[in-house]
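Novice: Before I ask anything, here is the structure I am working with.
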Amino acid sequence: MKADYQELVDEISALLGAPATLEDKDFGLIAFGAHDSGPEDSLDQVRTRTILTRTSSAAVRAWFEGFGIARATGPVRIPAAPDAGVLRDRVCLPVRHGGAVYGYVWLLDSAHGPTAPQLASAMQVADRIGELLADEATAEDAATREFRRAVTTTDWERDTALAALRAALGPHADDLYTVLCVAPWPAEEPPPARRVPGTAAACVLPTAGGGRRLAVLVRVRTGTGVPASVLSAAG
C-alpha cells in the first residue's frame, strides 16, 4: 500500500513539475516526492520538519486548517505565515472520498504555477488516493473492532473475534504479531495506526482502577521475512 501512495505522489509531482507531499487528515506524512536543490529551493522549514518528523506543528496545522482545507473540494492556495514558520506559499489538494476528507497533497506555490489545468489533472490523482485511503480506513476500523473484542472477551467469543480479526488483516493474517500494552495511557484515543510502524490495530481499554491502557497489535518484521501462523494476544 505504501508503494501505491508513493507512485501516486510521484505522478502528481510529474504532472505539476514540482515535488509533492502527501499527509493524512491528521497531518501525518505518508509519502513525498523527490526534492532537487536548485535556484528556487523546493524545501522550506515546514516541509523539512514534516519530512524529518513525519508530522506538522500545532501552529502550522491551525494556519492551514483556517483556510477551510477540511471542507474544500478543490485546490486551495494558502499564503505564507512567517509567524507560524510557514515561509512559502502553499497549494493544498484535499484528498477526499465519499464526502469525507482523508488527507492532503501539498505543493509549494510560485508565480509560475501550477496552472489551473495542471491542478485539475492533479486532483484526479488525488481522488484515486482518496479511494485508497478510504479503503484502508475501513480495513483499520474492522481490525480495531475485532482486536478489541479479542482482548476483552473469552472462550467462544474470543475465538470468533480472532477469526474475524484474521479476515480483517487480509493477506498479512499469517504473519507474526505481538500485542504491546502501555499503561497508564493519558488519552481517550489511540495514536493513528499510521504513526506507529507495523501497527495493525490499536485501542484504549479501561483499567480496574478507573484509568486507561493502550493495547497495540504490532506486525513483527523478522530478519528472514518468514511469516508465522501465530497471533499473540495479551489478556
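Novice: What ranking do 154, 21 get, fewest neighbouring Cβ atoms within 10 angstrom at the top? Show your work: numbers first, answer last.
Specialist: On the way: 154 8, 21 21.
Ascending number of Cβ neighbours within 10 Å: 154, 21.
Novice: Additional query: In debye, nearest 20: dipole of region 141-219 around its Cα centre with unit charges on the Cβ of K, R (+) and D, E (-)? Can you show the working numbers first?
Specialist: Values: 10 positive and 9 negative charges, 49 e Å.
Magnitude of the dipole: close to 240 debye.
Novice: Can you pull out the trypsin sites (Lys or Arg not before Pro) in region 93-155 whose DSSP state is coil and whose Cβ has at most 10 other Cβ atoms within 10 Å? Could you put the intermediate results ahead of the total?
Specialist: Values: sites: 96, 128, 145, 148, 149; in loops: none.
Passing sites in region 93-155 do not exist.
Novice: Quick one: net charge around residue 77, please, counting Lys, Arg +1 and Asp, Glu -1 for every other residue with C-beta under 10 Å from its C-beta. Mind dumping the intermediate values first?
Specialist: Working: positive: 90; negative: 89, 109.
Within the 10 Å Cβ shell, the charges total -1.
Novice: Hey, rough spin-label estimate for residue 173 and residue 219, points 7 angstrom out along Cα→Cβ, what's it come to in nanometres?
Specialist: 1.4 nm
Novice: So how much slack lies between residue 120 and residue 155, counting 0.36 nm per residue of separation and subtracting their Cα-Cα distance, in nm? Walk me through the numbers before you get to the answer.
Specialist: Working: separation 35, 0.36 × 35 = 12.60 nm, distance 5.41 nm.
Contour length minus Cα-Cα distance gives 7.2 nm.
Novice: Starting from the amide H of residue 213, placed 1.01 Å from N in the peptide plane, find each other amide H under 5 Å away whose residue is 5 or more places distant or on another chain.
Specialist: Here the answer is 185, 205, 207, since their amide H atoms fall under 5 Å of that of residue 213.
Every read-out reported here was derived from the displayed coordinates using simple, explicitly stated rules and does not represent laboratory data. Only a predicted model underlies this, so the values are computations on that prediction, with no experimental measurement involved. In this analysis, Cβ positions are derived from the backbone assuming ideal geometry, glycine residues included, and neighbour counts consider all displayed protein chains.
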